[in-house]
Amino acid sequence: MTGTPQSRDSGEIPSAIALDALTAADGRLYWIERRASGDVLVTWHNGRTGSVLPPGIHVASTVHEYGGGAYVVHDRVVWFVHADDQRIWRADGGALTPLTPEVTDGEHRHGDLHLSPDNRRLVCVRERHTGAEVINELVSLPADRPGQPQVIASGADFYSSPAIDSTGTKLAWITWNAPNMPWDGTRLWTADLRPDATIGPTALVGGSADEAISQPRYSPDGVLYFLSDRTGWANLYRHRDGHVEPVIACEAELGPAMWEFGYASYQPLPDQRVAVTAQEGPRTWLALTDSDGALVQLPVSYTSFKPYLAIDGHHLAAIGATPTQTPAVAVIDIRTGAHRELTTPIHSPHATPDKSPELIQFPTRDNSHAHAVLHPPTTAARGLLVRAHPGPTSNTHLRLDPWVLFFTSHGYAVLDVDYRGSTGYGRTYRNALRHRWGRIDVTDCIHAVTHLTKSGRVDPNRVAICGSSAGAYTALRALATTDIFRAGCVRHAVIDPATWAHTAPKFQAHHATLLTPPQSPDRLSPASAPIHLIHGENDTVTPINDVREFAAQQPHATLITYTDEAHGLRHPAHITHALHAELAHLKRHLKH
């Protein structure tokens, strides 16, 4: 069936605006607000927030489908990727000028924009779609007039993170090849950047198929910083005088898995210190290095930070959230720790949690352990919803989630499982999912439930499992291989990794190669428990035909689709409609 959004007088989920891509330039802050109508670039200055571009101009890159790095600003001039045509445009005052040419033989997408110090050239990632072929490369183009992009690096499967030093004579960038994802193994390169925008001989700074390097960035004095997980944790290093040396060494992840371009989870400061976000499991905290390189946590209450830090003098801007507050843009004085919020957190008609989420470590049957976050219900208990996060090498975050809040306010406890394979616990924990996707993640979800039922905290007859994207595959495998779950709700599901490898975009087409068992079953088995599926008909990450076929083969399945949604619901009415449909499904099948 096709879902028809219904208007409601009460109980609607608030239209939460996602905040991303925070930067600082010219004494102003900029960020992208992800609204139902599209991604809008806004700026904050002297206490006022306003849109940067004319109404209807949306800023978004679709390189790798997930995009990122879709704009750069200098001296009030904005260079951005137009969401509608994926061309790079220049906005100078009221004038909008397309810089990259129209393409008639396919599609050219752009992302990860970087501007040279003299403001004369842009360097970025270009993804060329010609028929069935997709080619990624680094290109350079004039920043002040339309021109044909010039390829400066090619031959690898993927490129990211071009970084130019303050003199405009050095370029650094990252490459990787399938089947690796960028958190599996990448290489960091440098080369001289010539005045004609060509590059000299390349030099390998570090990285391999088994070491993931990310976020290269030059400091004002020309030192190249980057993150590497060579010790098992994504820590900070620098390259100077031909040598690599550690800057911050700790058992925490100083940068997330690179799903999108443009992450900035650390920033070198003018006084030689470094500001950084540090992730330990679901919790992320903000810190500065001291004179010995140790991390000193800033006294702010946020437990979750998006990977975008911006520096403006003595102030650090960040996007922070707590278990009782949605993300907000905040400015923090790095001298005193005093901070103020520039955006208003979204308020919900549902009761906010009166108890803090509980971080759980539980044993597994193979003498290991896994992690989860338990969100208790705010009303009389109706049951437990186990949620497998997407990715699948992602993680749950310790911040207010409207989906969680909706169900806890209706009496359901929510257990977010950071099964083995999740980010935030080191490389070894994440790599434990290799060749065991659909196996170890499923058993970890089961063991999490067993851990709670043994202590009498959960009624084993009222447990359901939910998931989105790759997390939906985990949920569907759990429903097909065990009877512990009485119902399931999934969104934008991966149905069969082998098929998905042929239908997924280039960025993820080989993702399943490192994750699925060598002799993985071709299709999911039918589940005896009732399944509720939600999918966008414009989904390019997990095509809808697989889901339609799967739903038709299940004895107890319902499918709701949305004609103008892609990989994730964006429109508030659709979000509300989907949540109430899931609630109705769970009420039917998790009865007292």
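All of the numbers you see were taken from the coordinates with simple rules; none came from a lab. Nothing here was measured: the structure is a model prediction, and the numbers come from that model. Note that we place each Cβ from the backbone using ideal geometry, even for glycine, and neighbour counts take in every protein chain shown.
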Query - C-alpha center-to-center spacing [region 107-150, region 412-451] in angstrom - result: 38
Query raised in the report: Of Glu358, Glu253, how do they rank once you tally other Cβ atoms within 10 Å and put the fewest first?
Result: Glu358, Glu253
Query raised in the report: Applying 1/(1 + (r/R0)^6) with R0 = 56 Å to the Cβ-Cβ distance of Asn119 and Asn545, what FRET efficiency is obtained, to the nearest 0.05?
Result: 0.75
Report summary line: Taking a crude spin-label model, label points 7 Å out from Cα along the C-beta direction, the Asn177 to Asp75 distance in nm is 4.2
Report summary line: Protection proxy (average C-beta count within 10 Å per residue), highest first, orders 548-554, 160-166 as 160-166, 548-554
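So if I take the alpha carbon set of region 369-413, get Rg, then get Rh from the Kirkwood formula, what is the Rg over Rh ratio?
Rg divided by Rh gives 0.99.
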Report task. Please report Cys250, Cys466 as a ranked list, fewest other C-beta atoms within 10 angstrom at the top and most at the bottom. Result -> Cys250, Cys466
Query raised in the report: Please state the equivalent ellipsoid semi-axes for region 147-193: what are the square roots of 5 times the Cα gyration tensor eigenvalues, largest first, in whole Å?
Result: 22, 14, 8
Report task. Give, to the nearest whole percent, the P(r) tail of region 489-592 beyond 20 angstrom, counting all Cα pairs. Result -> 45
Requested in this report: Report the dimensions of the chain along its three principal axes from the alpha-carbon atoms, largest first, rounded to Å.
Outcome: 71, 55, 50
Report summary line: In nanometres, the difference between 0.36 nm per residue of separation and the alpha-carbon distance of Thr336 and Glu280 is 17.7 nm
Query raised in the report: Per residue, how much space in cubic angstrom lies within the convex hull of the C-alpha atoms of region 67-107?
Result: 71
Query raised in the report: Stokes-Einstein D for region 265-347 at 20 °C, 1.002 mPa s, Kirkwood Rh over Cα pairs, in µm²/s?
Result: 167
Report task. Give the cross-link partners of Lys587 among the lysines, using a straight C-alpha distance below 30 Å as the criterion and excluding same-chain residues fewer than 8 apart. Result -> Lys355, Lys454
Requested in this report: Over 20 Å, how big is the tail of the calculated P(r) for region 341-487, in percent of all Cα pairs?
Outcome: 45
Query raised in the report: Using alpha-carbon pairs under 8 Å, 6+ residues apart, how would you state the relative contact order of the chain in percent?
Result: 10
Query raised in the report: So how do 497-507, 433-443 stack up, highest first, on mean other-Cβ count within 10 Å?
Result: 433-443, 497-507
Query raised in the report: Between His314 and Ala552, 0.36 nm times their residue separation minus their Cα-Cα distance comes to what?
Result: 79.8 nm
Report task. Using label points projected 7 Å from each Cα along Cα→Cβ, tell me how many nm separate Ala249 and Asp210, to one decimal. Result -> 2.0
Report task. Please work out how much length the chain gains when fully extended from Asp221 to Leu359, using 0.36 nm per residue of separation minus the C-alpha to C-alpha distance, in nm with one decimal. Result -> 45.5 nm
Query raised in the report: In terms of the ratio Rg/(2.2 N^0.38 Å) built on C-alpha atoms, what value belongs to region 358-589?
Result: 0.94
